[in-house]
Amino acid sequence: MKRFLVGTVVNACALWLVTLLVPAIHLTPYGGTDLWRSILSYLLVALIFGLVNAIIAPVIKVLAIPLYILTFGLISLLINGSLLLFVAWLSRLIGGDIFTISGFTEEGLTIESLGWAILGALILSLASFITRGLFKVLRIL
């Protein structure tokens, strides 16, 4: 349980970094724009992201083993970007446009939004990897 909670906080910080670096990915705080609502919104989306990565991602990755072999693992970029789009869609079900990726609307997915999602997933993965490594060195995890 401790690892999941720390992982959620790490994902929230990495998600904040992604929203700063990628111009097409935005997080609008749920219920207002004060600091605590922003923090809780980032934690909520990070919790959704953690649940998606814990439940859905392993199933997709096992089913995509032949594609991993054919593409030498590059399919993971597409899978992670698609999962980030899925998290954006799930967060819209909770309460409006909390976590949005430009080009991903009700009308459909555009290539531009998948590209932004792949870039966001790449930055999110790198930030989480570095932070988790730092936590292991400091013996927090």
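Taking other Cβ within 10 Å of each residue's Cβ, how do Thr19, Thr71, Thr28 sort, fewest first? Intermediate values should be presented prior to the final figure.
Values: Thr19 20, Thr71 13, Thr28 16.
Result, fewest neighbours first: Thr71, Thr28, Thr19.
State to the nearest 20 debye the size of the charge dipole of the chain about its Cα centre, where the only charges are +1 on K and R beta carbons and -1 on D and E beta carbons.
Numbers: 8 positive and 5 negative charges, 160 e Å.
My answer is approximately 760 debye.
Let me have the 222 nm mean residue ellipticity of the chain computed from DSSP H runs of 4+ only, each contributing -39500 (n - 2.57), with the sum over all residues rounded to the nearest 500.
Details: 5 runs with 103 residues, N = 141.
After summing the helix terms and dividing by the residues of the chain, the value is -25500 deg cm²/dmol.
Name the residues whose placed amide hydrogens come within less than 5 Å of the amide hydrogen of Thr28, ignoring near sequence neighbours (fewer than 5 apart) on the same chain.
Amide H neighbours of Thr28: Phe99, Thr100.
If a helix is a whole DSSP H run, which ones in the chain reach 30 Å or further along their own axis (Cα) and hold a mean Kyte-Doolittle hydropathy of at least 1.6?
35-63, 75-95
So how many Å³ per residue does the convex hull of the Cα atoms of the chain work out to? Numbers along the way, then the final one.
Numbers: hull volume 17.7 nm³, N = 141.
In the chain, the Cα hull volume divided by residue count equals 125 Å³.
If packing is taken as the average number of other Cβ atoms within 10 Å across a peptide's residues, how do 122-128, 60-66 rank, most packed first? Each step should come with its number before you reach the end.
On the way: 122-128: 17.9, 60-66: 12.0.
Taking the mean over residues of other Cβ atoms within 10 Å, the ranking is 122-128, 60-66.
Only the coordinates and a few stated rules stand behind these numbers; no lab work does. Fair warning: this is a prediction, and the values are worked out from it, not measured in the lab. All Cβ positions, even for glycine, are placed from backbone atoms using ideal geometry, and neighbour counts span all protein chains on display.
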